[in-house]
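Each value in this text was obtained by applying a stated rule to the coordinates, not by laboratory testing. Note that the structure is a prediction, hence the values are computed from the model and not measured. Please note: Cβ atoms are built from the backbone with ideal geometry, for glycine as well, and neighbour counts cover all protein chains shown.
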Amino acid sequence: MQQLDRRHFLQSTSCGFGYLAFSGLADAASTERKPLFPARAKRVIFLCMSGGPAQLDTFDYKPQTGKKPHPGSVYSFSQHGQSGLWISELMPETAKHADKLCVLNGMHADTGIHAQSFLQLHTGDRLRERPSLGSWISYGLGTPNHNLPGFISLNTSRPSVYSSAFLPSIHNGTPIGVNGENMSEATIRNVDPARFSLSEKRKQLDYTQFLNQNHASHRNDPAGLDDAIQSMEMGFRMQTAAPDLLDLSNESPATLERYRVGAQKGPVGTCRMSDFGRQCLLARRFAEAGVRFIEVNHGSWDQHKNHRRDLEANCEVTDAPIAALLEDLEQRGLLDDTLVVWGGEFGRPGLTPDNGKNETGHNANGFTFWMAGGGTKGGHVHGATDPTGARAVEGKVHFRDLHATILHLMGLDAEHLTYSHAGRRHRLTGPEGGKVVKEVFA
Amino acid sequence: MLPLLLSWSVGRGSDIASSDRVFFENRIRPVLAQSCYECHSATAEKLGGKLLLDSREGIRTGGESGTALIPGDPEESLLIHALQWEHDLEMPPEQPLTPAVIADFEEWIRRGAPDPRSGKKSEVAGKSYDEGALWSFQPLVQDPSFSTKDSRFIDLLIERQWEESQLTATPRATARELIHRLHFDLTGLPPRYGEVVEFEKAFSAEPETALTVLVDHLLDSPHFGERWGRHWLDVARFAESNGNDGLSRNAAFPHAWRYRDYVIAAFNEDLPFDRFLLEQVAGDLLPADTPEQRDRQLIATGLFAIGTKPAKAMNNNFDMDIVADQVDMIGSGFLGVSIACARCHDHKFDPITARDYYALAGMFTSSETLYGLAGNEKLTAPPTDLHVLKTAESSLPPADFVETVILKESATGKPKKIPAPKWKPGTPLAMGLRDRKEPADAKLNIKGDAKKLGDPVPRGIPAIYQEKEKPSAFSIPEGKSGRLALAKWMADPEHPQTARVYVNRVWMHLFGRGLVDTPNDFGVYGARPTHPELLDHLALHFIDQGWSTKKLIRSIVLSDAYQRTSRVPDSLLEQDEENLWLTRQNRRRLDAESLRDRMLAASGLLERNPGEGSLIQHRDILVNLAGNLHEPSRHRSIYLCYLRNSPPPELAAFDLPSFLKPVAKREASTRPGQGLYLFNHPFVFTQSEAIAENVLKLESDEEQITRVFREVFLRDPDPEELYRGKELLQSIEDPDRPERAWVAFAQSLLTSNEFRYID
């Protein structure tokens, strides 16, 4: 029935066709849907710290106990905010927002292999291509802004981490900046209006849509044709919406300075150039524009041999932009329904103070994530590792639990957000399922 | 010779109307299997409500809540109440099925709940199967009542089903539609305007002759091999680099293009498919009369070396990861059986055990995979030998070529020393397979872990294919890997799946949908054929005709079914929305390659000669370090550089697969990125400019517009298209740059649905 109406609509609007709002024709696959139960968060900004951030030198304070030196924190920590959250000296700006952070110190994962754990962090599966968290959320909730994709991944790496896999491809992440591309030039592919002005392009598109309308009116089943008509319209709208959002020239110098846009001088050891400030500022702008899931990336925190030098660089590059993002989200009233998540594929064992060593490996048995906003408790710590930070002992949270919790905050139920493919029903949290960590809810 | 005598009869539901069976198999059974069997079948861990839904008897008897259904009366059927979620029972418990699926169940009960399932079970590989579940393992069935020599056998088998449901098919398409369809389906290129006009004339005089002449002309065209070779390259997950190894390294395969050229030539020469299979699986083991033949057969085995693999670094399973890709190629690519899943455990659904997997794997562990230097980065893969070709021309890089992608030592940042390759510069090389000196059975890897080894499993074929009474007729000569025996077994005319799987792929490319909608999976959870008799008779006909792809295609495209118009009346749309009963042709969107090729043809810039070699043929590099390697080209898309994780930008937006595993079918998604590409990509402007340039020198607006229509749509504009076209041209008029308006105009046409879809 709806298809007939649509065809009728196409046939009856031969004049000024392209100027008509296409809102009624919005792609069913991406139409905004109501959450299953009241959502605390409407969107997610995932600050993805690839390589395995050293939790003991940032957010999981492990002072020396007893007489014999043991692995632990090798930087000084102090308490911050009214909550008295312990945060290391390497994160002075983020520390100012201590009362917003909900720190998960009992994270654990299945493997210390980067590629596998990184994939599992994103998709729930270590080996196979599965839909990414952002794709599941886009699938579950649709997107409120039809001028932009529902899932954007900045400074991203291999496609399997932002893939919609077997979910409809409209839920694929849209990459901006892949594999270390210069972020100040990175953009959505082909989004900048080339050759013709937008008003000329509108006239061109009007003629194309007039031809399409003629074409469709001779064919009874609009399957495929309507979708193509709509995707041209959305593509057209993205040309206006996306370049504006990507263009930071209307941001004040003070804002650019707060975010440290373009401030990174060069790579230091494992700490790569990521223009992290630009990414955070873009994330804020996409969040304001209604994008459902935004991932920003910095790496690598895999500082094996020069632990101190590279960790300091990674912290310095990310600390101020994160603080600016939290500040702006709060100031705009967005923090209430924007869930910010910080973490990487695993953590690292601690160094032992004063024993001369400066090398760390991987630790998947205990590490840290933090969340802020989106209905989580501020200034709160959930879970703990043992006195040397070697493994999670309390409030243990697996990636599956993290995923279930994020979905729950978005008003989705990980048990029931499923998709049938290859003979069985799939869900983000896999056959094992995940436990919602309700203790972190405000 | 094929020892396949399973102990149950073919479940073809003889007393059920075939349209009802198709309805059940396509709309009802898959839903029952996916959404209900978990709790309501004989194999359920805990049976829900004492209700069995996995047999005709069970679903009719009902469970502890009462009778599940009353045939003919959906309103009173408990099953429908449960699905509706409006009464006490809510099933499936997690979330309701979609209204369309519930409507299917209502329709099914209204029809009297016709159900071909007998409830008879068969025990295979320790699992219990519904009758008919293992349909693809059954021998091909020839209906004695008619012959595939009858030129109308395809139509007869399709039309049989219509009488019962009183369906009326659409009429034959117009000459215009037919010449478009045939050109794209057979060659992937549009006809020229003049050819359309001539064909229309010939068709109105003598339609059958005109069609036959056209079809034979297209089958003879060298572009046939480019089109159908491309289809096979999808199955072959062909690519010219390994793809991300999990550590962001992506090693080039500089010699993979030889396999591409081999495939194109095979289709142009109409190499019989059984021979094509033999050469790819075991070409290195076949005798060769000439050095050319030897080279060609070695190149064919490249199929098993071009797969993607994870990094070697810290990966104990590296060798077995390569083998898994090879076994998957055998399973998904040739047999339509998901064997690769049994690497870690017995298959959950299909009758394939882990032992079966390692029996096949042993033939590949007994073979060396020659993929080459892997970008000279041992952490991604240790270097291997390559086949040295005897008859191919020596190919040196251009004299001024300098490799700009340099590997660096991670510790010092200095360029790495790369050992000189063992071959003289310019030596023609090919990827592929060869037998190891001492072939051996593979040991079972417990849970797929190459460190936890079980017993060696004798090399052979899966047990389900072996006769129960006597040991397998499959035997491997001493000192051989067994690949040749495997290839011969697969290419045997009595193999139940090889021909079925292949003809189904061919059908899919000519109708947009296979008779089996899951072309890589003919197993328990794959789709069932909508037309099992047709599938079998096509396969028999194909074998009978010497496994000739061209003859098969010829038979199909000369059928009424193929030639029907895709324009569907409302009444038929209601009766058969998905066109399961083949009462019409399907409108299809051009795939990525055809869209690009069509643009080049429209602009006149298309270079019709084959592209030579590859952009990376002299470069053993990590392509992830290279930035954008692609360059504009005027050759057909098949000759572009298919790098995994770095696809040609002109194709990327249009559902180009990732080529990580055999491609079952191309998606036809619509994404805004496609619109953006069509609006803004330089390739589209280049074609638009060429069209604009051609019309600038013409006299009048009308002449010019007509010329653009002829080049792009191969037809003349109607008055409204002319009038509105002039409006567009005037609105973009720029006296200094008269071509601008024409570029805009041409682009409007190139991005329209008429250009992107084929009726």
Mind pulling the angle between the C-alpha long axis of helix A:198-217 and the longest principal axis of chain A? Nearest 10 degrees, somewhere in 0 to 90.
-> 60 degrees
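Ignore the peptide's own chain and count Cβ atoms of other chains within 10 Å of each Cβ in A:110-117; give me the average, rounded. All intermediate terms of the calculation are to be shown ahead of the outcome.
Numbers: counts 0, 0, 1, 5, 4, 10, 2, 0.
Taking the mean over all residues of the peptide, I get 3.
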Taking every DSSP beta bridge that has both residues in chain A, what percent is antiparallel when rounded to the nearest 5?
-> 50 percent
Pull up all non-local amide H partners of residue B:381: gap of 5 or more, or a different chain, and H-to-H distance under 5 Å with H placed in the peptide plane.
-> B:312
Determine the relative contact order of the stretch B:230-490: mean sequence separation of Cα pairs under 8 Å and six or more apart, normalised by residue count, in whole percent.
-> 22 percent
Collect residues whose amide H, placed 1.01 Å from N in the peptide plane, falls under 5 Å from the amide H of residue B:68; neighbours closer than 5 in sequence don't count.
-> B:62, B:63
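Given an 8 Å cut-off on Cα distances and at least 6 residues of separation, report the relative contact order of chain B as a percent. Write out the running numbers ahead of the final one.
Details: 1292 pairs, mean separation 120.1, N = 759.
RCO, chain B: 16 percent.
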Helical contribution to [θ] at 222 nm, DSSP H n ≥ 4, -39,500 (n - 2.57), averaged over chain B, rounded to 500 = -11000 deg cm²/dmol
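Peptides B:729-738, B:592-601: what's the order by average Cβ count within 10 Å, highest mean first? Working shown, then result.
Working: B:729-738: 12.2, B:592-601: 23.6.
Answer by packing, highest mean first, reads B:592-601, B:729-738.
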Provide the per-residue ³J(HN,Hα) series for the stretch A:82-89, in order, calculated from phi with Karplus coefficients 6.51, -1.76, 1.60 and θ = phi - 60°, each as a whole number of Hz, with x at glycine and proline positions.
-> 5, 6, x, 5, 7, 9, 6, 5
Got a sec to turn the phi values of the stretch B:590-600 into Karplus ³J(HN,Hα) couplings, 6.51 cos²θ - 1.76 cosθ + 1.60 with θ = phi - 60°, whole Hz, x for Gly and Pro?
-> 4, 6, 3, 5, 5, 5, 5, 4, 5, 5, 5
For helix A:225-246, report the angle its Cα long axis makes with the longest principal axis of the Cα atoms of chain A; keep it between 0 and 90° and round to the nearest 10°.
-> 50 degrees
Mean separation of Cα contacts under 8 Å (at least 6 apart) over the residue count of chain A, i.e. the relative contact order in percent, is 29 percent
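Give the peptides A:157-163, B:569-575 in descending order of average Cβ contacts within 10 Å, highest first. Mind dumping the intermediate values first?
Numbers: A:157-163: 22.3, B:569-575: 13.3.
Output ranking for A:157-163, B:569-575: A:157-163, B:569-575.
Mind scanning A:435/B:312; B:312/B:488; A:67/A:357 and naming the pairs with a C-alpha gap bigger than 25 Å? Don't skip to the end; give the middle numbers.
Working: A:435/B:312 35 Å; B:312/B:488 33 Å; A:67/A:357 19 Å.
Beyond 25 Å between Cα atoms: A:435/B:312; B:312/B:488.
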Share, in percent, of DSSP beta bridges within the protein assembly as shown that are antiparallel, nearest 5 = 65 percent
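Only loop residues by DSSP count here, and only those with at most 12 other Cβ atoms within 10 Å; note down the trypsin sites (Lys or Arg not before Pro) in the stretch B:664-704 that meet that. Present the calculation step by step, with values, prior to reporting the outcome.
Numbers: sites: B:665, B:666, B:697; in loops: B:665, B:666, B:697.
Answer by residue number: B:697.
What average number of partner chain Cβ atoms lie no more than 10 Å from the Cβ of the residues making up A:397-403? List each step's numbers first, then the result.
Values: counts 0, 0, 0, 0, 0, 0, 0.
Taking the mean over all residues of the peptide, I get 0.
Let me know the mean shielding of B:659-671 by other chains, meaning the per-residue number of their Cβ atoms within 10 Å of its Cβ. Spell out each step's value before the answer.
On the way: counts 0, 2, 1, 0, 0, 0, 0, 0, 2, 4, 8, 15, 12.
Neighbouring Cβ atoms belonging to other protein chains average 3 per residue here.
How much net charge surrounds residue A:364 when only the other residues with a Cβ under 9 Å from the Cβ of residue A:364 are counted, with Lys and Arg +1 and Asp and Glu -1?
Numbers: positive: none; negative: A:110, A:345.
Computed value for this residue: -2.
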In whole angstrom, note down how far apart the Cα centers of the stretch A:255-270 and the stretch B:199-221 are.
-> 67 Å
Protection proxy ranking of A:283-295, A:130-142 - average other beta-carbon atoms within 10 Å, highest first = A:130-142, A:283-295
Cut-off under 5 Å, modelled amide H: who pairs with residue B:434 long-range | B:368, B:370
3J(HN,Hα) from dihedral phi, the stretch A:38-49, Karplus parametrisation 6.51/-1.76/1.60, rounded to Hz, x for glycine, proline = x, 7, 8, 10, 9, 8, 10, 10, 9, 8, 8, 9
